[in-house]
Amino acid sequence: MIEAKGISLRFPNGTMALNNIDLQVEPGDMVYVTGPSGSGKTSLLKLFMGIEYPTLGSLKVLGQTMTKGQTAGIRRLRKIIGPVFQEFRLIAGRTVTENVMLGMRFLDLPQDQLKENASHALVKVGLEHKALSLVENLSWGESQRVAIARAVARKPVLILADEPTGNLDKDNALNILELLTSFIDEKTAVIITTHATHLIEAEHNSKVIRMDKGSLSWERLG
Ligand SMILES: Nc1ncnc2c1ncn2[C@@H]1O[C@H](COP(=O)(O)OP(=O)(O)OP(=O)(O)O)[C@@H](O)[C@H]1O
Ligand SMILES: [Mg+2]
């Protein structure tokens with residue numbers, strides 16, 4: 001699903017956020033990206049989402065080559081990946097359901113179908129009772145669940161979640177990891193960045209990678 005060969009990301013101000021990274025992700029994988037603040041975790045996900053492009057090396061996501069010239073293909077790719085951003089990006093003044101439906105606006109589906117998908121996703125994340133609340137009235141953990149519902153409502157085959165456990169106590173963080181794990185099947189992979197290394201469980205096809213100043217290494221589980 002992801003084939004990264006020797007990718008680097010250098011921002012225009014000269015910061016080397018990622019340095020010569022090789023990574024392969026297969027359907028069914030659960031990949032945890034760990035490492036200290038500023039080590040390149042979000043940058044890595046941004047490359048997979050097509051928000052930034054590698055300045056060196058080659059990257060393919062679900063067969064799509066990720067380069068600047070490929071905007072049409074990358075626009076199609078965005079319909080089948082489910083991004084959960086570190087800062088959520090929920091739209092204030094809109095309800096929970098409306099926010100989840102907005103995540104599917106690229107999908108050319110009739111309104112009824114969008115509503116039904118949104119309602120299923122909200123049940124899945126345990127927030128059906130907040131469907132009509134405005135997003136600005138939610139707690140941090142609830143907002144996180146809306147962001148996850150918005151990402152999964154389009155039934156993506158690749159879920160990319162940036163720090164979904166940040167700010168949560170241990171029980172809630174575990175619930176979120178369990179929830180994200182529940183979306184893995186033989187055609188779906190999940191990639192999660194997290195500081196909460198003590199919560200990572202060696203189950204499913206979990207892989208743990210550690211970022212350090214833009215370099216990647218594999219971590220042994222258990
Ligand atoms: N748009 C940008 N322009 C220049 N430098 C950037 C930009 N975005 C990130 N950086 C730098 O790239 C490096 C990696 O940042 P990144 O956000 O990927 O770290 P992170 O591991 O996600 O950190 P955190 O755990 O705090 O979220 C940092 O040094 C950061 O300051
Ligand atoms: Mg980050």
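Rule-based calculations on the coordinates, nothing more; no lab input. Nothing here was measured: the structure is a model prediction, and the numbers come from that model. As a convention, Cβ positions derive from the backbone with ideal geometry for all residues, glycine included, and neighbour counts pool all protein chains shown.
Restricting attention to the alpha-carbon atoms of the chain, what are Rg (one decimal) and Dmax (integer), both in Å?
Using the Cα atoms of the chain, the pair Rg, Dmax is 17.0, 48 Å.
Could you give the size of the charge dipole of the chain about its Cα centre, using +1 on the Cβ of each K and R and -1 on the Cβ of each D and E, expressed in debye and rounded to the nearest 20?
That gives a dipole near 800 debye.
Using Cα positions and a limit of under 24 Å, work out the lysines in reach of K207, with same-chain residues fewer than 8 apart set aside.
K5, K41, K46, K60, K155, K170, K187
Specify the inter-centroid distance of the range 11-68 and the range 97-118, based on alpha-carbon positions, in whole Å.
Centre-to-centre (Cα) distance: 29 Å.
Students often forget the sequence filter, so: which aspartates and glutamates lie under 16 Å Cα-Cα from K115 once same-chain residues fewer than 8 apart are removed?
E98, E128
How large is the dipole of the range 66-147 about the Cα centre if only Lys and Arg carry +1 and Asp and Glu carry -1, each at its Cβ, rounded to the nearest 20 debye?
Using Cβ point charges on Lys, Arg, Asp and Glu, the range 66-147 gives about 440 debye.
Using a 10 angstrom cutoff on alpha carbons, build the Gaussian network for the chain and name the most mobile of S182, S206, S119.
So, out of S182, S206, S119, the one fluctuating most is S182.
For a Förster distance of 22 Å, can you work out the FRET efficiency between the beta-carbons of M16 and R89, rounded to the nearest 0.05?
That pair, M16 with R89, gives E of 0.25.
How much FRET efficiency would the formula 1/(1 + (r/R0)^6) give for Q111 and N175, where r is the Cβ-Cβ distance and R0 is 41 Å, rounded to 0.05?
Efficiency for this residue pair is about 0.85.
Rank-order 71-77, 33-39, 9-15 by packing density, defined as the average count of other C-beta atoms within 10 Å over each peptide's residues, highest first. Walk me through the numbers before you get to the answer.
Working: 71-77: 13.9, 33-39: 17.1, 9-15: 11.4.
Taking the mean over residues of other Cβ atoms within 10 Å, the ranking is 33-39, 71-77, 9-15.
Among rounded, prolate and oblate, which fits the range 118-164 when a ≥ b ≥ c are the square roots of the eigenvalues of its C-alpha gyration tensor, a/c under 1.5 means rounded, and a/b larger than b/c means prolate? The partial results should precede the final answer.
Numbers: a/c = 2.44, a/b = 1.33, b/c = 1.84.
In terms of gyration-tensor shape, oblate.
Run the helix sum for the chain: -39,500 (n - 2.57) per DSSP H stretch of 4+ residues, divided by residue count, reported at 222 nm to the nearest 500 deg cm²/dmol. Walk me through the intermediate numbers first.
Details: 6 runs with 63 residues, N = 222.
Rounded to the nearest 500, it is -8500 deg cm²/dmol.
Just want the answer: with Cβ charges of +1 for Lys and Arg and -1 for Asp and Glu, which residue in L109, W140, L199 is farthest toward the dipole's positive end in the chain?
L109
Once you sort the root eigenvalues of the Cα gyration tensor of the range 1-95 as a ≥ b ≥ c, which label holds: rounded (a/c under 1.5), prolate (a/b larger than b/c) or oblate (the other case)?
In terms of gyration-tensor shape, rounded.
Give me the one-decimal nm value for the distance between modelled label points at T197 and Q24, 7 Å along each residue's Cα-to-Cβ direction.
2.5
Over the chain, what is the relative contact order in percent, taking alpha-carbon pairs closer than 8 angstrom and at least six residues apart?
Numbers: 438 pairs, mean separation 65.7, N = 222.
For the chain, the relative contact order is 30 percent.
Compute the Cα gyration tensor for the range 69-187, then decide on rounded, prolate or oblate, letting a ≥ b ≥ c be the square roots of its eigenvalues: rounded whenever a/c is under 1.5, prolate when a/b is larger than b/c in the other cases, and oblate in all that remain.
Verdict is oblate for the range 69-187.
Using each residue's phi in the range 23-31, evaluate 6.51 cos²θ - 1.76 cosθ + 1.60 at θ = phi - 60° and report the 3J(HN,Hα) Karplus result to the nearest Hz, with x for Gly and Pro.
Running phi through 6.51 cos²θ - 1.76 cosθ + 1.60 with θ = phi - 60° gives 7, 10, 10, 10, x, x, 7, 10, 10 Hz.
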